[in-house]
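A.B. asks: I am attaching a structure below and will ask some questions about it afterwards.
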């Protein structure tokens, strides 16, 4: 008995995508002969029940040899059609091997579309312009019938078969034998394969139908795998397009901190404009994440990435200052474990959002609405107005930079900030508060963010171009209760004074250092120190430095530091000054973590 003389039982249902045999690794090559023998043995065992049902078939000569040859042919064809995951390629191979295996003259393959209609995918020895002609309608009707009920159609002599002999096309085409079998996956019909012959020398036998059905089962698996792969590939491309079009930077790193994926926004945030080339971007993917960073930023990222890996908790930093060349950006950073198993995160997702413009606007509001030094004398007005003018100057400089960078969409924000602060100047002059009234709006705030926000706002000013800022904020500082605008105003006045003093230096690089830590004497108090390497202050002037009206500047009014002292004392803190002539000056501010009720 030949394999062509039985109908194979259904293959075991499976949801998995079968791996094409041609894609097996080299290490598996030695096991392939054994696997083929196992599969042949299994297929042969499935034929035993057929032989019991058809005893006469078992009497045929050379049964074992013919069966093994047919099984081997099916196995070889299965490997061939599973050697690709490209759907069109698979469809052509299926029809090509069906025609070759069963020695058919004509054939076609059709798949069901989403509406349940059969659509031609590939043909053999049939011209497409004849698909709808009368001589093809018989074949088309057979295909629809098989697709509807899932039962194979077979006739060895269509000329004598009552179902087909009266059909005009059967006679004109002189069709002798026809076979059409369904393509099924778990009882779901996905399409059909049709073959026919017109000569008696190539008449299909019943055994050919069994062989054809077994072939169709293997073909259906390959076609479904290819369709699943196409869907997955389309979904992958769709997701990649969404990620790449997102204005938020997304980076994925593995457990070795290698970059496995990054989108366009992340690339533009991390990479300076002068280095943004396609070849440079291709090098980033797969490289070590820390290699993308400046040396002074590595510790920050390593510490936080390690923490997320070990704790599996999400890390978020709403203000991270990232410097690329001479440009400083403010980023909102979030690191999340991408977990396959709860205890073993395989990768981390880093989400970075450039919030530079947002922070600039926030600082405009903070610096303009929270000014508190409103002195007793008319001269104090000019002193405080300089702060508003500094914001207006910043906005004007940003406008120039945005014009040079052709970021015209941001000019409206810059101009609005200028107009808004001019209006605030008018309101300030119309409603000066009494110098002795310093009403506080207390909130718990991060000292590090306060300092970094302030420096980010003033660094673009030309007066600070030759000054180096060094910041050292302890990581264990708690949130401190304060009026953010007032404390920031104190720091701003001291930094302006330090810069004025540094400007008198000759052949010396100006440095302003800002430190913050817990008080060594009282753990419930925080100490902020601002040190400059300017010419220092004479001992005789130290005692008067906080007195209203005292100044060492030719155009000073002596109100800035007096207001600073008033603000700090209003926060139940104290401010001190130490100075070494020709060496340095240090302002030390101490305030409690919690304000007394």
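A.B. asks: Among the candidates 582, 500, 541, single out the residue that is more than 29 Å from residue 446 (Cβ to Cβ) and either in contact (Cβ under 8 Å) with a residue 40 or more places away in the chain or in contact with a helix residue (DSSP H, G or I) (Cβ under 9 Å, 6 or more places away or on another chain) (or both).
C.D. replies: Values: 500 fails: more than 29 Å from residue 446 (Cβ to Cβ); 541 fails: either in contact (Cβ under 8 Å) with a residue 40 or more places away in the chain or in contact with a helix residue (DSSP H, G or I) (Cβ under 9 Å, 6 or more places away or on another chain) (or both).
Among 582, 500, 541, only 582 is more than 29 Å from residue 446 (Cβ to Cβ) and either in contact (Cβ under 8 Å) with a residue 40 or more places away in the chain or in contact with a helix residue (DSSP H, G or I) (Cβ under 9 Å, 6 or more places away or on another chain) (or both).
A.B. asks: Additional query: Kindly indicate whether residue 319 is closer than 16 Å to residue 249 by Cα and more than 19 Å from the chain's Cα centre (by Cα).
C.D. replies: Working: closer than 16 Å to residue 249 by Cα: yes; more than 19 Å from the chain's Cα centre (by Cα): yes.
Yes; evaluated as a whole, the condition is true for this residue.
A.B. asks: Let me ask something additional. Write out, first by first residue and then by second, each pair whose Cβ atoms fall under 9 Å of each other, whose residues are 6+ apart or on separate chains, and whose first residue, in segment 131-154, is farther than 20 Å from residue 215 by Cβ while the second is at pLDDT below 60 and assigned to a helix (DSSP H, G or I).
C.D. replies: Within 9 Å, the pairs are 136/130.
A.B. asks: Any chance segment 477-493 includes a residue that's in contact with a strand residue (DSSP E or B) (Cβ under 8 Å, 6 or more places away or on another chain), modelled with pLDDT under 90, over 27 Å from residue 389 (Cβ atoms) and surrounded by fewer than 20 Cβ atoms within 10 Å (Cβ to Cβ)?
C.D. replies: No, the conditions are met nowhere in segment 477-493.
A.B. asks: If I go through segment 294-329 residue by residue, how many of them are outside any helix (DSSP H, G or I) and either at pLDDT 85 or above or in contact with a strand residue (DSSP E or B) (Cβ under 8 Å, 6 or more places away or on another chain) (or both)? Working first, answer last.
C.D. replies: Applying the first criterion (outside any helix (DSSP H, G or I)) to segment 294-329 yields 294, 312-329.
Within this subset, residues satisfying the condition of being either at pLDDT 85 or above or in contact with a strand residue (DSSP E or B) (Cβ under 8 Å, 6 or more places away or on another chain) (or both) are 294, 312-323, 328-329.
Residues that pass the stated criteria total 15.
A.B. asks: Further question on the same structure: Among the residues of segment 165-184 satisfying the criterion of being in contact with a strand residue (DSSP E or B) (Cβ under 6 Å, 6 or more places away or on another chain) and assigned to a loop (DSSP other than H, G, I, E, B), which is modelled with the highest pLDDT?
C.D. replies: Checking each candidate, the answer is 176.
A.B. asks: I would also like to ask the following. Can you tell me which residue among 200, 230, 187 is closer than 30 Å to residue 265 by Cβ and out of contact with any strand residue (DSSP E or B) (no Cβ under 7 Å at 6 or more places or on another chain)?
C.D. replies: That would be 230, the only listed residue that is closer than 30 Å to residue 265 by Cβ and out of contact with any strand residue (DSSP E or B) (no Cβ under 7 Å at 6 or more places or on another chain).
A.B. asks: Of (1) within 17 Å of residue 253 (Cβ to Cβ); (2) in contact (Cβ under 8 Å) with a residue 12 or more places away in the chain; (3) surrounded by 13 or more Cβ atoms within 10 Å (Cβ to Cβ), residue 314 satisfies all except one. Which?
C.D. replies: (3)
A.B. asks: Would it be correct to say that residue 337 is in contact with a strand residue (DSSP E or B) (Cβ under 6 Å, 6 or more places away or on another chain), surrounded by 14 or more Cβ atoms within 10 Å (Cβ to Cβ) and either in a helix (DSSP H, G or I) or modelled with pLDDT under 85 (or both)?
C.D. replies: no
The values are calculated or read from the model by the stated rules, or taken from the named source; none is laboratory data. Keep in mind the model is a prediction, meaning the values are calculated, not measured. Please note: Cβ atoms are built from the backbone with ideal geometry, for glycine as well, and neighbour counts cover all protein chains shown.
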